[in-house]
Amino acid sequence: MITITSVEAQSRFGELIDRSQREPVEVTRRGSTIAYVVSQHDMQELTDLRKRREEAARWYSLYRRQVAVSPEASTLPDADVDRLVHELR
């Protein structure tokens, strides 16, 4: 990934867009990153990944609610938990 300053990005915008089609471009101002310029393809991948992560988080939340452990189960000693897990295998 290349890094350019915001001043360079303004003066060489066409080149910045062309370069972003090959790899993400980091834009800095006063030494700090302020933006990334990415291609439409890379942005679509990021958006799809975010959707999949949100769906997985919703699924896991629903799963945890469905298999909520009773208060009595939390008092089981580790040895009993290990034994039960091995019995289920």
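Any read-out appearing in this document is the output of simple, stated calculations on the displayed coordinates, not a laboratory observation. Everything numeric here is computed off the predicted structure, so don't read it as measured data. Because the Cβ atoms are built from the backbone with ideal geometry, glycine has one as well, and the counts that use them run over all protein chains shown.
So, R0 is 35 Å and r is the distance between the beta-carbons of Arg53 and Thr28; what FRET efficiency does that work out to, to 0.05? The computed FRET efficiency comes out at 0.80. Using the rule -39500 (n - 2.57) for each DSSP H run of four or more residues, divided by the residues of the chain, the 222 nm mean residue ellipticity is -18500 deg cm²/dmol. Taking a ≥ b ≥ c as the square roots of the Cα gyration tensor eigenvalues, the chain comes out prolate, since a/c reaches at least 1.5 and a/b is larger than b/c. Picking from Gln44, Gln66, Gln21, which is most flexible by a Gaussian network model of the chain using Cα springs under 10 Å? So, out of Gln44, Gln66, Gln21, the one fluctuating most is Gln66. The label-point distance for Asp80 and Gln40, in a model that sets each label 7 Å from Cα toward Cβ, rounds to 6.1 nm. Comparing Asp18, Asp78, Asp42 in a Gaussian network model of the chain, where Cα atoms under 10 Å apart are tied by springs, the biggest mean-square fluctuation is seen for Asp78.
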